[in-house]
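Novice: Dropping a structure here in structure tokens format, bear with me for questions.
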Amino acid sequence: MPLLDSAPATVAAVPPPATRRASLVVELIRLVRPTHWVKSLLVVPLPLLDPASWHPAGLLRLGWSVLAFVLAASAVYVGNDVADRHRDGHHPVKRHRPVASGRVPVPLAYACAAVLLLGLALLLAAGLTGPAWPVLLYLALNVWYSRGLKHVPLVEAGVVATGFVLRAVQGYLAVGTAVSAWLLITVFAGCLLLIIGKRRQELLEAGVAHRPALHGWSVELAGHLLQLTGVLAVTAGLVWLGTEAPFDPYGEAAMLLSTPFVLYLMSRYLQLALVRRAAGDPVRLLLRDRAVVTAVVLWAACLGALYAATRFPALVAALS
């Protein structure tokens with residue numbers, strides 16, 4: 001009886017425990033979204049646009065405030081990912097998130113959120129941030145958001161934008177300077193603009209299955225709201241430059257100098273959102289687009305030169 005050739009059975013390679021642990025650590029890092037920490041790094045220190053707020057104690061409290069909002073926001077991200085894991089499975093991008101994909105078990109995700117909140121509690125209890133009510137209000141607002149507000153069309157976008165306003169308020173409290181109303185309006189309108197652009201992109205990519213609040217949206221509505229919030233953001237920002245920004249007596253010059261940069265940046269964002277359909281991740285979009293980065297650098301250089309003129313009037317008189 002002839003012998004039959006038999007191919008060896010294929011056995012799935014099982015990664016060693018060290019590799020599995022390393023992979024899990026990477027997924028936990030992805031879970032807290034370190035690329036989104038830049039939101040707190042940019043928004044909390046906004047009061048530093050006025051050099052009058054530069055003093056050692058305030059700068060130290062400001063650093064701790066940034067850390068506090070990083071911990072709070074990361075805990076919120078983890079909680080939302082757990083709550084939305086089933087709906088995220090319907091999204092072409094979000095289904096690859098650590099919890100939605102199953103790479104991070106739900107109990108481990110909850111443990112991660114608990115560690116983040118514990119670190120935040122210790123930080124606030126030590127009083128290192130100064131008044132901490134904006135952080136606490138941010139957490140309370142996001143609990144309410146997760147329990148129901150995120151399903152209310154339009155309101156949910158406003159709640160997310162309010163979180164960025166609270167970051168800026170925390171910065172003002174940390175350095176102990178008066179809050180600039182026009183700057184807060186600019187922050188709110190600008191963040192709302194980016195959120196609306198993201199919602200529009202979600203409608204185009206995945207429809208309403210993964211986010212119930214999108215049932216109250218349409219691509220046309222999102223387009224109109226982009227125009228509305230864009231106008232508000234540009235107007236409030238230019239008014240701030242002309243009135244409350246530290247450019248006296250050159251406030252009007254700062255406003256005029258900034259107008260072409262602001263209009264270009266707004267136009268570029270709308271081009272990316274409406275033409276290229278690239279508004280799904282606003283943070284990555286704004287930090288990686290060369291045109292945006294170049295315009296911001298040139299704008300900052302111009303305002304820096306103008307600020308130097310306000311600080312050294314004798315030099316301006318000598319050159320004129």
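Novice: Roughly how tilted is helix 219-243, in degrees to the nearest 10 and between 0 and 90, from the longest Cα axis of the chain?
Specialist: 40 degrees
Novice: Under 15 Å from a point placed 7 Å out from the Cα of residue 95 along the Cα-to-Cβ direction: which residues of segment 198-212 have their backbone N that close?
Specialist: Of the residues in segment 198-212, 205-211 have backbone N under 15 Å from the label point off residue 95.
Novice: Could you give the angle, 0 to 90 degrees to the nearest 10, between helix 181-206's Cα long axis and the longest principal axis of the Cα atoms of the chain?
Specialist: On a 0 to 90 degree scale, this one is about 30.
Novice: What does the charge count around residue 47 come to, taking other residues whose C-beta lies under 15 Å from its C-beta (Lys +1, Arg +1, Asp -1, Glu -1)?
Specialist: Cβ neighbours under 15 Å give a net charge of 0.
Novice: With +1 assigned to the C-beta of every Lys and Arg and -1 to the C-beta of every Asp and Glu, and no other charges, what is the dipole magnitude of segment 29-179 about the Cα centre in debye, to the nearest 20?
Specialist: Around 480 debye, computed over segment 29-179.
Novice: Quick one: putting +1 on the C-beta of Lys and Arg, -1 on the C-beta of Asp and Glu, what dipole do you get for the chain around its Cα centre, in Debye to the nearest 20?
Specialist: For this selection, approximately 700 debye.
Novice: Run the quick spin-label model on residue 308 and residue 179: label points 7 Å from Cα toward the beta carbon, then report their separation in nm to one decimal.
Specialist: 3.5 nm
Novice: Suppose the chain between residue 261 and residue 220 were pulled fully straight at 0.36 nm per residue; how much longer would it get relative to their current alpha carbon spacing?
Specialist: Net length gain for the segment: 12.1 nm.
Novice: Let me ask something additional. As a test of the formula, what do you get for the chain when each DSSP H run with n ≥ 4 contributes -39,500 (n - 2.57) and the sum is divided by the residue count, at 222 nm and rounded to the nearest 500 deg cm²/dmol?
Specialist: After summing the helix terms and dividing by residue count, I get -22500 deg cm²/dmol.
Novice: Also: Rank 232, 304, 120 by how far each Cα sits towards the positive end of the charge dipole of the chain (+1 on Lys, Arg Cβ; -1 on Asp, Glu Cβ) and give me just the farthest.
Specialist: Toward the positive end, the furthest listed residue is 120.
Novice: Pairs of Cα atoms under 8 Å, at least six residues apart: use those to get the relative contact order of the chain, whole percent.
Specialist: Once normalised by length, the contact order is 17 percent.
Novice: Follow-up question, since we're still on this one. Using a 7 Å offset from the Cα along the Cα-to-Cβ direction at both residue 35 and residue 110, what is the distance between the two label points in nm, to one decimal?
Specialist: It works out to 2.9 nm between the two label points.
Novice: State the dimensionless ratio Rg/Rh of segment 181-319 (Rg: radius of gyration of Cα atoms; Rh: Kirkwood radius).
Specialist: Ratio value, two decimals: 1.08.
Novice: Now for a different question. May I ask for the angle, rounded to the nearest 10°, between helix 56-83 and the longest principal axis of the chain, with both axes built from Cα atoms and the value confined to 0 to 90°?
Specialist: Here the helix axis deviates by roughly 40 degrees.
Novice: Please tell me the relative contact order of segment 34-116 in percent, rounded to the nearest whole number, where contacts are Cα pairs under 8 Å and at least six residues apart.
Specialist: About 26 percent, as a whole number.
Novice: Let me ask you something else. What number, in percent, do you get for the relative contact order of segment 210-320 if the mean sequence gap of Cα pairs under 8 Å and at least 6 apart is divided by its residue count? Provide the component values of the computation, followed by the final result.
Specialist: Working: 52 pairs, mean separation 25.9, N = 111.
In percent, rounded to a whole number, it is 23.
Novice: What net charge is computed for the residues neighbouring residue 157, neighbours being all others with C-beta under 12 Å from the C-beta of residue 157, Lys and Arg scored +1, Asp and Glu -1?
Specialist: It works out to a net charge of +3.
Novice: Send over a whole-number figure in Å² for the accessible area per residue of the chain, probe 1.4 Å. Could you put the intermediate results ahead of the total?
Specialist: Working: 16940 Å² over 320 residues.
Averaged over the residues of the chain, the accessible area is 53 Å².
Novice: Within 10 Å, count the other beta carbons around each residue, average over each peptide in 301-311, 228-238, 252-262, and list them highest first.
Specialist: The peptides rank, most packed first, as 228-238, 252-262, 301-311.
Novice: From the phi angles alone, apply the Karplus equation (6.51, -1.76, 1.60; θ = phi - 60°) to segment 42-54 and give each ³J(HN,Hα) in whole Hz, x where the residue is Gly or Pro.
Specialist: So the Karplus estimates, Gly and Pro as x, are 8, 8, 4, x, 3, x, 6, 4, 9, x, 4, 8, 7 Hz.
Novice: Still on this model: Work out the length of the dipole vector of segment 181-319 about its Cα centre, built from +1 on the beta-carbon of each Lys and Arg and -1 on the beta-carbon of each Asp and Glu, and round it to the nearest 20 debye.
Specialist: 460 debye
Novice: Given that compact globular proteins tend to follow 2.2 N^0.38 Å, what is the ratio of the alpha-carbon Rg of segment 29-179 to that value?
Specialist: 1.09
Novice: Counting Lys and Arg as +1 and Asp and Glu as -1, what is the net charge of the other residues whose Cβ lies under 13 Å from the Cβ of residue 87?
Specialist: Details: positive: 85, 94, 95, 97, 150, 211; negative: 81, 84, 88, 202.
Taking every other residue near residue 87 into account, the sum is +2.
The values are calculated or read from the model by the stated rules, or taken from the named source; none is laboratory data. Because the structure is a prediction, the values reported are computed rather than measured. No Cβ is skipped: glycine too gets one built from the backbone with ideal geometry, and neighbour counts run over all protein chains shown. In case anyone asks, the SASA skips ligands and DNA or RNA and just uses the protein heavy atoms, side chains included. Shrake-Rupley method; radii C 1.70, N 1.55, O 1.52, S 1.80 Å.
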